[in-house]
1. Among the residues of the range 122-149 satisfying the criterion of being touching a helix residue (DSSP H, G or I) at 6+ places or on another chain (Cβ under 8 Å) and small (Gly, Ala, Ser), which is nearest to LEU82 (Cα to Cα)?
2. On the given criteria, is ARG387 under 25 Å from GLY258 (Cα atoms), among the basic types (Lys, Arg) and at pLDDT below 90?
3. Counting only residues that are of a type in the set (Val, Ile, Thr) and surrounded by 13 or more Cβ atoms within 10 Å (Cβ to Cβ), which one in the range 117-133 is modelled with the lowest pLDDT?
4. Do any helices (runs of 4 or more DSSP H) lying entirely in the range 23-141 carry at least 2 residues that are under 19 Å from SER157 (Cβ atoms), and which ones are they?
5. Which pairs turn up if I take residues in the range 112-137 that are in the same structural domain as PHE91 (by TED's automatic domain parsing) and look for partners that are part of a loop (DSSP other than H, G, I, E, B) and surrounded by 11 or more Cβ atoms within 10 Å (Cβ to Cβ) with beta carbon separation below 6 Å, at least 6 apart in sequence or on another chain?
Amino acid sequence: MSGSNPDAELAPPLGRATSRRGPGLAVLTALGQPAGTAIIAGWQHASVGTIGYALLVFSGLALADRHRSPRRNFLIVVAATLAYHLLNRPFGVTLLAPMIAAAAVVTAGHRWLVAVTTAGAYASWVVVSGVAARPALAALALIVGAGLVTEIGTLVSRRIHDAGAERRRLSEERQRRRASEQRLLIAAELHDVLGHHLSLINVRAGVGLHLMDRDPEQARAALHAIAQSSAEALREVQTVLNTLYPTGEAAPRAPTPGLDRLAELTEAAALPIRTVLDGPARALPAAVDRAAYRIVQEALTNIRRHAGTGAAATVTIGYRQDALVVEIDDDGGGVRHPEPACAGNGITGMRERAAALGGELTAGPAPDGNGGWRVRATLPLGSDQTREATS
């Protein structure tokens, strides 16, 4: 999502959405293990049995929890796999689920748990099953090979992840540096413009006051020069400020509005919008009021640009004891096409506004899965940043 916020054009990206890990791999494993084992068992003229198939499916589906609780998940998967082999079911594609669970545990930094659990499970199988030496050694070789494959895969995955994280860090650092340089240029330009014209206006005003009674014509000329200088100053400041705005959008000519003008904003949005007030409304710090208004404005702009005028939105303003919560939801208005992460700085601009006040902002797909988008900002009402920004 991109937007028209002037601060957004200069804001560095302050984070990226984390990828959601779904149950896809767990389902594939739950299907692949019994299917592969059935084929191999057919070559061996052996029967997997209903209980065997159930254990293979269960160990695969259990992987859905591997990222949230990797250690517990690994123990469950190993227990199901061990139970399968203690029932003297045929070998097949039975180590796939333990390998995937072990990779999650190693990534979480618990390699010792994999070694101890694997050794204990193997020893239990050998003792309880009373297997002969040759099959035991073959199984050990298979386990060692699976461990090496898991270790290599984990290492490669970690290298890829680290390389991607480093690229993102460098990219964000470059954007922050460019934003800082642009701010400095704009500040220097405004300093020159305002310093020159305001000093000139000050001098002319002094002359005009001094000559007001003695020489009205000279006083009139001084006032005329003041009018010209002020008009020129406004034009130059407008030129500088226009660099912050996309083509066709002008810098504001009125004081920045707050939530007291929220109704005007929603009426002008050209979208069906429902406004919800959660909690009794009360006076807000000026900085919080401005930031909340701009976040709603930016979010509605993004809805028009990305979901279209067919979308409907809900703006919720939550008055908490120590914070203001602003939430903007839309129903997607149909299919929302994903936008490259590098395109636009609308979201990062909103995040920077919230962060400047000591708050936070999240943006992502709506949790109900209807194709819409949710922006939620929490703005503290009593933080040091709020007091400094207000003053």
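The values are calculated or read from the model by the stated rules, or taken from the named source; none is laboratory data. Bear in mind the structure is a predicted one, so any value in this text is a computation, not a measurement. In this analysis, Cβ positions are derived from the backbone assuming ideal geometry, glycine residues included, and neighbour counts consider all displayed protein chains.
1. Narrowing the range 122-149 to residues touching a helix residue (DSSP H, G or I) at 6+ places or on another chain (Cβ under 8 Å): 122, 124-126, 128-129, 131, 136, 139-140, 143, 146-147, 149.
This time we only want the ones that are small (Gly, Ala, Ser), so: 124, 129, 136, 139, 146-147.
On the way: SER124: 8, SER129: 11, ALA136: 14, ALA139: 12, ALA146: 15, GLY147: 16 Å.
Only one residue fits best here, namely SER124.
2. On the way: under 25 Å from GLY258 (Cα atoms): yes; among the basic types (Lys, Arg): yes; at pLDDT below 90: yes.
For ARG387, the condition - under 25 Å from GLY258 (Cα atoms), among the basic types (Lys, Arg) and at pLDDT below 90 - is met.
3. Just the residues of the range 117-133 that are of a type in the set (Val, Ile, Thr), to begin with: 117-118, 126-128, 131.
Restricting the remaining residues to those that are surrounded by 13 or more Cβ atoms within 10 Å (Cβ to Cβ) gives 117-118, 126, 131.
Numbers: THR117: 84, THR118: 81, VAL126: 79, VAL131: 73.
Per the criteria, the residue is VAL131.
4. Numbers: elements: 24-44, 49-61, 70-86, 96-107, 111-129.
By residue number, 24-44, 70-86, 96-107, 111-129.
5. none
Table: residues versus (1) buried (at least 16 other Cβ atoms within 10 Å of the Cβ); (2) farther than 30 Å from ARG178 by Cα; (3) at pLDDT 85 or above.
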| site | (1), (2), (3) |
| --- | --- |
| LEU14 | yes, no, no |
| SER19 | no, no, no |
| LEU31 | no, yes, yes |
| ALA41 | yes, yes, no |
| THR50 | no, yes, yes |
| ALA54 | no, yes, yes |
| LEU96 | yes, yes, no |
| ALA115 | no, yes, no |
